[in-house]
Every structure is written in C-alpha cells, then in structure tokens.
Amino acid sequence: MSDLSTAYRALGFASSPFSITPDTAFFFPGAQHVAALRHLSFGVTSGGITVLTGEVGLGKTLLCRQVLREAPEDTRIAYVLDPLQSYQGMLVSLIREFTGEDPHEDEPGGLLRELQGVVLELARDGVRAVILVDEAHRLTPELLEGLRMLTNLETEKSRLVSLVLVGQPELERTLALRSMRPLAQRVSVRCRLTPFSASQTAHYVRHRLRLANSSNALEFTGLALRAVHHASRGAPRRINQICDRAVLLAFAESRLYVNTWMALRAAREVKGSWL
C-alpha cells in the first residue's frame, strides 16, 4: 500500500481504482471487451491471423495482457511490445520469447532457420506458437511480410504459428494496401474496439470502484458519470484520468461522493495531458 496516495487511503481504498497502467485485475467484462477477448482467444488457437484495432486509450493493451493471462497451457505466446525494430531484431525477440534464451545465430537467414526449428520443436511437444504484437500499426511492410511468412510454417494437419496483430486504425489502412493483399487475405478474425456508451461508462466506473474495495463506498452521482462520459468521449484511459482527479477533489472537499462540478473541474484539469 506504500504507493497508494494519502487521499485513497483516507477514503478507504485498498488499491488505486483509476490507474492508467493496464492491470488485468481490473479487466472490465463489458459486452464489447468480452467479445473482443473471445475473438482474440479464438485467434490464438486457430493457427490463423487475427487483427484487433481501436483508437488510443480504448483498452487494447489490457486485452493483450488478459489474453496472456488466460492462455491455454499448451500455448506459448511471444508478446512483442516493440514493433519498431529491424527484421533481424524481430527474429531475435521471438526466439527469446519462445525459448527464454538468446539465439545461437546472428544473421537473418540463420535466425529464421533457428526460429523455425524452435516452432517445430514446440509443435512436437504439443505446444502451439503464437506471436502477439501490440502497437502493430507501427510495423513496417517488411516486418508484416516477414510475420506472414512465419505463419506459413505448417504440418500436414495444421499451421504451427498463430499471429495476432493489435494496433490503432492505421493498421487497417496498411492492410488495405495492394502490397499487403497476401497478408490481408489470410486474416480470419477482425475486431474493432469503439468508445463506451454513457451506460457502459457508468458501469465501468462502478466496476473499478468496487474492485478497489472502498470501505466507505465513495460514489459518483449519475450526473457526474454523464459528465465523465461526455468529457472522456467514452475512452477508458481518459475516464480513468478524469475519475482519478475527481476522487482527489472529493477528498479535498471531505466528501464521499463525486458530483458534477468535481467531474467537470477534473476534466478541465487533465485535458492538457490528452493533447
């Protein structure tokens, strides 16, 4: 609890309900995110290519982490967080993710053969290899093509590598390019996140308050929740930023509720961080 603010401790919280750091303990099981998680989970086990897109702050990284958390035991996921690397660097990263060790080779051709050997060895052990790329809209065409080629590795019964690409809408535009047609035609699952509705925003805020175990049951009024939704445009990251600030304002006013004024003031104070 040492990293919990004085305000949150005083209000009876066991943890910070509105941290912007993706935390699977606070995964919101709303219809949209549950559906997206099911699409991603299917993609992990399908041996195909899955694409999830959404604007900044809609919860894509949290979904990636939830996929990692719920992955079947017979699945090995290479989670790529840094797509801004060379093809050679990507191969090195994948080998490290799959094996936990540095590769033996150091040039692209040798690294590719080593990676293929790793995947085949996993398959012989009954383990499916999955490549999960966050921020995939930053991948260069060269890397996208290289990843597509990796998914061609197969036996007589099935493909050995599943590919999951998660990124901003620019990824969709990249896949629409003529040069990307071989990859786009292989995509078997597509899903796009959209902002919360006003009702979903209210459920989301209450869900996080409940999970943070507030012993004093701090609440947001209905009008305050509407103000949060309007100011955040339904984006979870912005909702968290506004609500975090609003709770501090409630603490300063010695209140166990957040009203409309607090929500609007909080939105004004954090708006600069979105620019």
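Laboratory data are not the source of any read-out in this text; all were calculated from the coordinates shown. It should be emphasised that the depicted structure is a prediction, and the values quoted were computed from it without experimental measurement. Neighbour counts run over all protein chains shown; Cβ positions are idealised from the backbone, glycine included.
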Along the charge dipole of the chain, which of Ala78, Tyr8, Gly89 sits closest to the positive end, that is, farthest toward it, with unit charges on the beta carbon of Lys, Arg, Asp and Glu (+1, +1, -1, -1)? Tyr8
Let me have the relative contact order for the chain, percent, based on Cα pairs under 8 Å that are six or more residues apart. 26 percent
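Which whole-number percent is the relative contact order of the stretch 170-272 (Cα, under 8 Å, 6+ apart)?
Values: 96 pairs, mean separation 27.6, N = 103.
Averaging sequence separation for qualifying contacts and normalising by length gives 27 percent for the stretch 170-272.
For the chain, take the convex hull of the Cα atoms, compute a quarter of its surface area, and give me that in nm², please. Walk me through the numbers before you get to the answer.
Working: hull surface 64.4 nm².
So the Cα hull casts an average projection of 16.1 nm².
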Taking 8 Å as the Cα distance limit and 6 or more residues as the minimum spacing, I'd like the relative contact order of the stretch 46-193 as a percentage. 39 percent
Output the 0 to 90 degree angle, nearest 10, between the alpha-carbon long axis of helix 198-211 and the longest principal axis computed from the alpha carbons of the chain. 90 degrees
Whole-Hz Karplus couplings 3J(HN,Hα) for the stretch 59-74, θ = phi - 60° and coefficients 6.51, -1.76, 1.60, Gly and Pro as x, run x, 5, 5, 4, 5, 4, 5, 5, 4, 4, 5, 9, 4, x, 5, 8
Among Glu142, Glu172, Glu73, which one shows the highest mean-square fluctuation when the chain is modelled as a Gaussian network with alpha-carbon springs under 10 Å? Glu73
Calculate for the chain the 222 nm mean residue ellipticity that helices alone would give, adding -39,500 (n - 2.57) per DSSP H run of length 4 or more and normalising by residue count, nearest 500 deg cm²/dmol. -15000 deg cm²/dmol
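With charges set only on the Cβ (+1 for Lys and Arg, -1 for Asp and Glu), what does the dipole of the stretch 46-193 come to about its Cα centre, in debye to the nearest 20? The partial results should precede the final answer.
Working: 18 positive and 22 negative charges, 161 e Å.
With only Lys, Arg, Asp and Glu charged at Cβ, the dipole is about 780 debye.
So how much slack lies between Asp106 and Arg69, counting 0.36 nm per residue of separation and subtracting their Cα-Cα distance, in nm?
Working: separation 37, 0.36 × 37 = 13.32 nm, distance 3.15 nm.
Once the chain is fully extended between Asp106 and Arg69, it gains 10.2 nm.
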If you count, for each residue, the other Cβ atoms within 10 Å and average over each peptide, how do 150-160, 44-54, 189-199, 244-254 line up from highest to lowest? 44-54, 244-254, 189-199, 150-160
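Only Lys, Arg, Asp and Glu count, each charged at its Cβ (+1, +1, -1, -1), so figure out the dipole size of the chain about its Cα centre, rounded to 20 debye. Write out the running numbers ahead of the final one.
Values: 32 positive and 28 negative charges, 318 e Å.
Computed about the Cα centre, the dipole is about 1520 debye.
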